[in-house]
Every structure is written in structure tokens, then in C-alpha cells.
Amino acid sequence: MIRVLIVDDDPMVAEFNRRYLQEVNGFTLAGIVHNVKDAREFLESEKIDLILLDVYMPGATGLDLLRFIREKNISADVILITAAADKENIQTALRYGALDYLIKPFEFERFNQALLQYKEKYHFFENHHMLRQEDIDVRILSTEPKSAGAFIEHLPKGLTSSTLESIIKVIQTKKNLQFSTDDISEITLISRVSVRKYLKFLTDLGILEESLTYGVGRPGYLYRLREDKLGQLNRFV
């Protein structure tokens, strides 16, 4: 099992990360700490494989902890999970060896992708002492995260123009209001699972803005329409 340490000053966010982690096979939670001082003490006494690390914390930052890890040659990998979206923090984290960088709010699918990619590389290294160039190129360095707003030429498999048009018509009645998957599902009588696929597609296009909301259980998502981006739908409906 891959031992994980969560470092986040917000207990609620740390708890959601813990719940997400429980849903991914092959990982076990070694501990949760809420500041860099406690994280350093934890790492000096425990063997950790992976750290899920926030940047913004009182006192020392997550980047300070990342620097400490490298200076002390601590054998732990790091994935940043943070609201810090400026290029300076991102570049610094990557230069210090962060393996991935998740900007809050993010979907469970992106979290799951990050951990599965890490698990594949972790076990690959565990089982191979000498690597070929092909191994490095394909198994170690290949990452293909989907960027929001990327150009999409065709509707994803399983989506139809008619259903997309019906959902868009309902969304347009919301104007500047936020709405949820359930809101659209109740009006259109389309299943929540199907509506979620369309909302994800519209978010990928940049037509919807997505924000994370915390409640009971798993965090949910709210959406807001960007009317100035609706022209991107002309090729689909």
C-alpha cells in the first residue's frame, strides 16, 4: 500500500481529501497535519510515499515544506492540491519536483486520475531497476490532462445535439444564477448522470464556470453560464 500524508490547514478540505483517498484502491492514509511544522516532524519519524500538499498555510507555506523535503533528501513524492493558481507558485512547485498540481476546486475524476497515474509509476519503479528510453517516454513522462476550454471538434460519445440543446435552453433561463446538476435534471427529466456528462462537456468548453460547494457528504458543484461563450456551441447544435 502507498502511504499518504495529507497536509492542509483547513480541516474540512483535509477531510474531503481523506474521503476521496479512501475511494482509490492501493493507498492508505498515514496521517493528516495542518501546518508545515507538524508535517516536518511527521516526516522525520514516519516513512511516507506520497504527500498531498496545500500551498497556503499559516506560517511556512507548502512550498517551504517541499523545499525542506528536497534539502533533506526525504524519499517522498508530492502532489499539490491548492487554490494557488499563479504561475510563480506553480513553476516553483514543479521545479522542486511536484509530480502533479491540482487547483481547487477540482472534480474527483481529476483527483482519481492523479493518484492512478502516480500508482502506475510507483509500482513500475518498484518492479524495474533498469529502464529503457521507451519506458521513460511512455510509462514515466506521459501525461495528458485535459485543459478547460480546449478545442473540441465533435460531441463526445454518448452525447446528442438534441439533448444538448434542451439542456442549454434550461441553462439560459438561469441567466446569472448558479445551478446544480439536480436543478437541470428536475426540469429536463433527464437523469442526473446524463446531465452531469453534458455539464462537464460545457465546462470543458469554457461555457460554464464550475465552483465547489461543501455540504454533507461528498462536495458538490455549482455552475454559472458564460453567455459570451455560447457561440462555441454553433458547431454542435
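For the stretch 170-237, run through the chymotrypsin sites (Phe, Trp or Tyr not before Pro) and keep only the ones in DSSP coil with at most 16 other Cβ atoms within 10 Å of their Cβ. Let's see the in-between values first.
Working: sites: Phe179, Tyr198, Phe201, Tyr214, Tyr221, Tyr223, Phe236; in loops: Tyr214, Phe236.
Passing both the DSSP loop test and the Cβ count: Tyr214.
Quickly rank 3-10, 114-121 as a protection proxy: mean count of other C-beta atoms within 10 Å, highest first. Write down the numbers at each step before the final one.
Values: 3-10: 21.2, 114-121: 18.0.
Taking the mean over residues of other Cβ atoms within 10 Å, the ranking is 3-10, 114-121.
With the chain treated as a Gaussian network of Cα nodes joined by springs under 10 Å, which of Met130, Met12, Met57 yields the largest mean-square fluctuation?
Met130
On full extension of the chain, what length is gained from Ile136 through Glu46, given 0.36 nm per residue of separation minus the C-alpha to C-alpha distance? Intermediate values should be presented prior to the final figure.
On the way: separation 90, 0.36 × 90 = 32.40 nm, distance 2.94 nm.
Here the answer is 29.5 nm.
Across the stretch 172-237, how large is the tail of the calculated P(r) beyond 17 Å, expressed as a percent of all Cα pairs? Please list the in-between numbers first.
Details: 913 of 2145 pairs.
So the pairs more than 17 Å apart make up 43 percent of the total in the stretch 172-237.
Helix-derived [θ] at 222 nm for the chain: sum -39500 (n - 2.57) over DSSP H runs of at least 4, divide by residue count, nearest 500?
Values: 8 runs with 95 residues, N = 237.
Taking each H run of at least 4 residues, the total per residue is -12500 deg cm²/dmol.
Over the chain, with a Gaussian network built from C-alpha contacts below 10 Å, which listed residue (Val78, Val170, Val13) shows the highest mean-square fluctuation?
Highest fluctuation among the options: Val170.
So how do Thr28, Thr181 rank on accessible area, 1.4 Å probe, biggest first, that is with the largest at the start? Can you show the working numbers first?
On the way: Thr28 50, Thr181 5 Å².
My answer, sorted largest first, is Thr28, Thr181.
Determine, from the Cβ-Cβ distance of Ala83 and Leu177 and an R0 of 25 Å, the FRET efficiency 1/(1 + (r/R0)^6), rounded to the nearest 0.05.
On the way: r = 24 Å, r/R0 = 0.95.
After rounding to 0.05, the efficiency reads 0.55.
Can you give the extra length, in nm with one decimal, that the chain gains between Met1 and Glu126 once fully stretched, where that is 0.36 nm per residue apart less the Cα-Cα distance?
Values: separation 125, 0.36 × 125 = 45.00 nm, distance 1.21 nm.
Between Met1 and Glu126, full extension yields 43.8 nm more.
Before I look further, what does the chain give for accessible area per residue, probe 1.4 Å, in whole square angstrom? It would help to have the intermediate numbers written out before the result.
On the way: 13140 Å² over 237 residues.
Accessible surface, normalised per residue, equals 55 Å².
Would you mind telling me which residue in Thr92, Thr188, Thr173 has the biggest mean-square fluctuation in a Gaussian network model of the chain, where springs connect alpha carbons within a distance under 10 angstrom?
For the chain, modelled as a Gaussian network with Cα springs under 10 Å, the answer is Thr173.
Residues with amide H under 5 Å of Ile51's amide H, sequence separation 5 or more or different chain, H placed in the peptide plane at 1.01 Å from N; which?
Leu5, Asp77, Val78, Ile79
With a 1.4 Å probe and all protein chains kept in place, how much accessible area does Asp183 have, in Å² rounded to the nearest 10?
About 60 Å², ignoring ligands and nucleic acids.
For the chain, take every pair of Cα atoms, bin their distances at 10 Å starting from 0, and report each bin as a whole percent.
P(r) for the chain, in whole percents per bin: 7, 27, 30, 22, 12, 2.
Under unit Cβ charges (Lys, Arg +1; Asp, Glu -1), what dipole magnitude, rounded to 20 debye, does the stretch 46-146 have relative to its Cα centre?
Working: 13 positive and 17 negative charges, 30 e Å.
That gives a dipole near 140 debye.
Which of the aspartates and glutamates could a cross-linker span from Lys37 if the Cα-Cα distance has to be under 20 Å and same-chain partners fewer than 8 positions apart are dropped?
The qualifying aspartates and glutamates are Asp8, Asp9, Asp10, Glu15, Glu46, Asp49, Asp54, Asp64, Glu71, Asp77.
At 1.4 Å probe size, with the rest of the protein present, what percent of the exposed accessible area of the stretch 1-159 is carbon and sulfur atoms? Before the final figure, lay out each step's value.
Working: 4530 of 8920 Å².
Result for the stretch 1-159: 51 percent of the exposed heavy-atom area is carbon or sulfur.
What lysines does Lys121 reach when the alpha-carbon gap must be under 22 Å and sequence neighbours fewer than 8 apart in one chain are set aside?
The qualifying lysines are Lys47, Lys146.
With respect to the cross-link table entries Lys119/Lys197; Lys104/Lys200; Lys175/Lys229; Lys87/Lys200, which display a Cα-Cα separation exceeding 18 Å?
Flagged as over cut-off: Lys119/Lys197; Lys87/Lys200.
The values are calculated or read from the model by the stated rules, or taken from the named source; none is laboratory data. No experiment lies behind these values; they were computed from the predicted model shown. FYI the Cβ positions are ideal-geometry reconstructions off the backbone, even for glycines, and counts take in every protein chain you see. For the accessible areas, the whole protein counts, side chains as well, though only heavy atoms, and no ligand, DNA or RNA atoms are used. Shrake-Rupley method; radii C 1.70, N 1.55, O 1.52, S 1.80 Å.
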